Amino acid sequence: MLWKIVGLTAALLTTFSFVPQIIKVRRSRSVKDVSLITLVQFSAGVFLWALYGIFLRDVIIISANCVTLVTLCILLSLYFKYSKMEKPDEA
C-alpha cells in the first residue's frame with residue numbers, strides 16, 4: 001500500500017509539472033525560452049511510458065502519462081501558436 005501511495009504521489013507531481021509552464025506561456029504570449037526539442041523528446045518518452053503502462057495494465061502509469069501527454073500537447077500547440085508571433089532575433 002505504501003508503494004502505491006509513493007507511485008501515485010510521483011505520478012501527480014510529474015503529471016502536472018508542465019502546468020506552470022503552460023500558464024507562463026499563456027500570460028507572456030512568448031515561447032522564447034521554451035525548447036521545442038525538449039518538448040518533443042519528453043512527449044515521445046511519455047507516450048512510450050503510456051504504452052508500457054498499457055502493457056502492464058497499470059492504471060496509475062497509464063493515467064498519469066496520458067494526462068501528462070495532454071498537457072504537453074497543449075504546451076506544444078501554444079509553442080507553435082506563439083512562435084509564429086515572435087520576431088526572429090536580429091544578429
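A short reminder: the numbers here are calculations on the coordinates, not readings from a lab. None of these values were measured; they are calculated from a predicted model. Don't worry about glycine lacking a Cβ; one is built from the backbone with ideal geometry, like all the others, and counts go over all protein chains shown.
Points worth noting:
- Cα-based helix-to-principal-axis angle, 36-56 vs the chain, degrees rounded to 10: 20 degrees
- Here the spin labels are modelled as points 7 Å beyond Cα on the Cα-Cβ line, and at LEU56 and GLN41 they lie 2.3 nm apart.
- Selection of trypsin sites (Lys or Arg not before Pro), the stretch 6-37, meeting DSSP coil and at most 15 other Cβ within 10 Å: ARG29, LYS32
- Non-local Lys pairs in the chain, i.e. 8 or more apart or on different chains, that have alpha carbons under 14 Å apart: 4
- In the chain, taking the dipole from charged Cβ atoms about the Cα centre, the farthest positive-side position among ILE60, ALA10, TYR82 is held by TYR82.
- For the Cα trace of the chain, dividing Rg by the Kirkwood Rh returns an Rg/Rh value of 1.09.
- Placing R0 at 35 angstrom, the Cβ-Cβ distance between ASP33 and ILE5 gives a FRET efficiency of 0.50 after rounding to 0.05.
- On Cα atoms only, tilt of 19-28 relative to the major axis of the chain in degrees: 10 degrees
- Rg to Rh, two decimals, where the stretch 25-76 supplies the alpha carbon set and Rh follows Kirkwood: 1.10
- Charge dipole (debye, nearest 20) of the chain; +1 at Cβ of Lys and Arg, -1 at Cβ of Asp and Glu: 280 debye
- When you restrict to C-alpha pairs under 8 Å that are six or more residues apart and normalise by the size of the stretch 35-84, the relative contact order lands at 38 percent.
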